[in-house]
1. Is it the case that Thr143 is of a type in the set (S, T, N, Q), modelled with pLDDT of 95 or more and touching a helix residue (DSSP H, G or I) at 6+ places or on another chain (Cβ under 7 Å)?
2. Can you confirm whether the range 139-151 contains a residue that is within 20 Å of Lys249 (Cβ to Cβ), surrounded by 19 or more Cβ atoms within 10 Å (Cβ to Cβ) and within 13 Å of the ligand (Cβ to nearest atom)?
3. Go through the range 229-246 and give me each residue that's in contact with an Asp or Glu (Cβ under 8 Å, 6 or more places away or on another chain) and not charged (D, E, K, R).
4. Return yes when Asp364 is within 19 Å of Phe230 (Cβ to Cβ) and acidic (Asp, Glu) and no when it is not.
5. Mind listing just one residue for me: the one in the range 378-402 that is under 17 Å from Pro309 (Cβ atoms), within 16 Å of the ligand (Cβ to nearest atom) and among the hydrophobic types (A, V, I, L, M, F, W, C) and, of those, surrounded by the fewest Cβ atoms within 10 Å (Cβ to Cβ)?
6. So, restricting to helices (runs of 4 or more DSSP H) that lie completely within the range 66-162, which ones have at least 1 residues that are closer than 28 Å to Thr468 by Cα and among the hydroxyl-bearing types (Ser, Thr, Tyr)?
7. Go through (1) over 27 Å from Tyr283 (Cα atoms); (2) touching a residue at least 24 places away in the same chain (Cβ under 8 Å) one by one and return the number of the condition Ser187 breaks.
8. Looking only at helices (runs of 4 or more DSSP H) that fall completely inside the range 427-504, which ones have 3 or more residues that are at pLDDT 95 or above, closer than 30 Å to Phe299 by Cβ and polar (S, T, N, Q)?
Amino acid sequence: MADCSKIRKFSGADDYRTNFIIRSEINKFLPGGRHFIDDAEIQRIISQIDSSEVDPVRVREIIAKSESTCETLSPEEVGVLMQVKDEGLFSEMRAAALRIKKKVYDNRIVVFAPLYMSNLCVNGCKYCGFREGNSLQVRRKLTMDELNEELDVLAGRIGHKRVIAVYGEHPDTSTKYIAETIENCYSRQVPAPKSGCKVGIRRVNVNAAPLPIEDLKVLRSVGIGTFQVFQETYNRKLYESMHPKWSVKGDYDWRVTCFHRCLEAGVDDVGFGVLYGLCDWRYELLATVMHARDLERWFNIGPHTLSFPRLEPASGTDVPERSPWLIDDETFARIIVIARLAVPYTGIIVTARESAESRNRVLDYGMTQLDCSSNIAIKGYSDFAHESEQDKERQQFMLGDSRSIDEMVRYLASRGTITSFCTAGYRCGRTGGCIMDALKTGREGKFCKINAVLTFREWLDDFASEETRKIGDELIKKELAEIKEWLPKFYPAVEKQYEATSRGQRDLFF
Ligand code: SF4
């Protein structure tokens, strides 16, 4: 049970709005008032992008640096990559992005599912259907029994092992509720439909509002995976126009220093995200790099993942339709390539907000994680007859890719990509700086292949259709042969675990 004795309590939404933010936990990370998001520098780089010609020699030097060091590029270097318009030169960037992805993550794609816990919210973000005051939304938070119903579908029928639990910001869904729901996710075990083996959720990532250090320590104690907070936009002026001053979220600096507090609290897998379409994408990507570099400076740890949500239509608002900064599929793909080169070691998440075509395309450009069989209505998995059903008044936005996990696994396998259900990382200490080093040197990519094979075997035996299982079996044979060639001495241990998994043992990992 989580020890929540140090967590502050609030009498209601007004008390929360007035007193939640701890100013000293912002200022600590902005010494001397200097800000790591340097607006003037970003504007300077953007005007240089617009006014000067690209130098192909310099572009190739930057590509080579990204590939050989796997270190985060400087904003200046990222600006040079942004100048590239020539298709030939860009295809060199794209090829390098794919090589980096292979070096760092091999041919794996990690899958997860969103799990919406609540849509209670004390904020008023102008682009969001969950904002306070939107009477079109039916408000609710999951009870523990309802959460179990959701888990029975997610873990027991679909076969997910990893969820991103999503919480609105509200005193009724505070840290205590987040901690209890995480604990509940880990404890629920159900029989798998094909094998009868006990299965459950093994990694709970969280998408929530920024928290103070003491609260983050509580989440660490219950085994949080990645803590994800989306900045939405790094452009302060635009940020302030989208997030009213009276709201907690209206405080830009509280939000942008959240990951510094995470790392201070020992929550060392942090997930960045920007809502692409609110502002000039170049501004956002340059600021993302500044943010990553500041965390690296303080803690020697950068973003575990970057997410790339695009602004989508939502209930009760026309902001998503009116924004002058909406991006097309072509630009979206370009952003993924540049991001892969800019922060080479990071995981890149592209969610089912995107269309199937758009996601299929960026698989080759550097994406490493995706969701499938997703439902983002509160209690949508257990209420709807099929997980792909949608209801605008019950969800934050509409999804574009409704493929089931079986379809997705089959599609990926047909391209030679293995779906990984591995969740070993945080359970054996491979998080934060430790995982970053392993990723940069390419060690993690190979090592994780073993865990990917073991968990893929589990999923095929527990959940797959015959058609998917057949193609999955073929892929596993190829993967095992590669592991044998790569690690001949270690291979007997891998084989032993693989056979045990095939006989029905679960959750074996290296
Ligand atoms: S984006 Fe988040 S904080 Fe803003 S209104 Fe929506 S749910 Fe609330």
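The values are calculated or read from the model by the stated rules, or taken from the named source; none is laboratory data. Being a predicted model, the structure only gives us computed values, none of them experimental. Positions of Cβ are generated from backbone atoms using ideal geometry, with glycine treated the same way; all protein chains shown enter the neighbour counts.
1. Numbers: of a type in the set (S, T, N, Q): yes; modelled with pLDDT of 95 or more: yes; touching a helix residue (DSSP H, G or I) at 6+ places or on another chain (Cβ under 7 Å): no.
The answer is no for Thr143.
2. Kept after step one, since they are within 20 Å of Lys249 (Cβ to Cβ), are these residues of the range 139-151: 139, 141.
Next cut, surrounded by 19 or more Cβ atoms within 10 Å (Cβ to Cβ) only: 141.
If we keep only those that are within 13 Å of the ligand (Cβ to nearest atom) as well, we get 141.
Yes, the range 139-151 contains at least one residue that is within 20 Å of Lys249 (Cβ to Cβ), surrounded by 19 or more Cβ atoms within 10 Å (Cβ to Cβ) and within 13 Å of the ligand (Cβ to nearest atom).
3. Of all residues in the range 229-246, those in contact with an Asp or Glu (Cβ under 8 Å, 6 or more places away or on another chain) come to 233-236, 239, 242-243.
Scanning the range 229-246 gives Thr233, Tyr234, Asn235, Tyr239, Met242, His243.
4. Details: within 19 Å of Phe230 (Cβ to Cβ): no; acidic (Asp, Glu): yes.
No.
5. Going through the qualifying residues, I end up with Met398.
6. Numbers: elements: 75-82, 87-105, 144-153.
Passing ranges, in order: 87-105.
7. It is condition (2) that Ser187 fails.
8. Working: elements: 432-440, 443-463, 466-486, 491-502.
No helices (runs of 4 or more DSSP H) qualify here.
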